[in-house]
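First up is the structure itself, then whatever we jot down about it.
All of the numbers you see were taken from the coordinates with simple rules; none came from a lab. Just so it is clear, the structure is predicted and the values come from calculations on it, not from any experiment. No Cβ is skipped: glycine too gets one built from the backbone with ideal geometry, and neighbour counts run over all protein chains shown.
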Amino acid sequence: MIKIISNNNISYLKAKSNKIKVLKTEIIFTPLLLAFPVIVALLLINDWYCRGFSMGISAFDGELMIAFIILVGNIVFDIPFVRSLIKFRKK
């Protein structure tokens, strides 16, 4: 026999503890979120310079474009993210 559980009596996550858990998770993953795209972009720029620019091969110019897109996107989206974390932590 299957029992049907009423959702009125069950609270899966309390609102206050949920915000704290989300904040802790965001703080833990923030260095990864900030550093990983920058490292990938720098590796792409290094590869473009070593294999493309220094040898005069223009086939690697796409790597440079992708690196700049990653860097600009990272800056555009991460600055507001870090600001919101700082404001939320001050509260």
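Highest-first packing order for the peptide set 57-64, 41-48 is 41-48, 57-64, based on the mean count of other beta carbon atoms within 10 Å. Region 63-88 and region 16-58 have their alpha-carbon centroids 9 Å apart.
Note on region 34-90: with charges restricted to the Cβ of Lys and Arg (+1) and Asp and Glu (-1), its dipole about the Cα centre is near 520 debye. Model label points for I69 and T30, set 7 angstrom from Cα along the Cα-to-Cβ axis, are 2.9 nm apart.
Normalised by the residues of region 34-90, what does the relative contact order come to in percent, with Cα pairs under 8 Å and at least six apart?
38
Comparing F60, S84, L43 along the charge dipole axis of region 34-90, the residue lying farthest to the positive side is S84, per the Cβ-charge model.
Can you pull the Rg over Rh of region 25-79, Cα-only, Kirkwood?
Radius of gyration relative to Kirkwood radius: 1.12.
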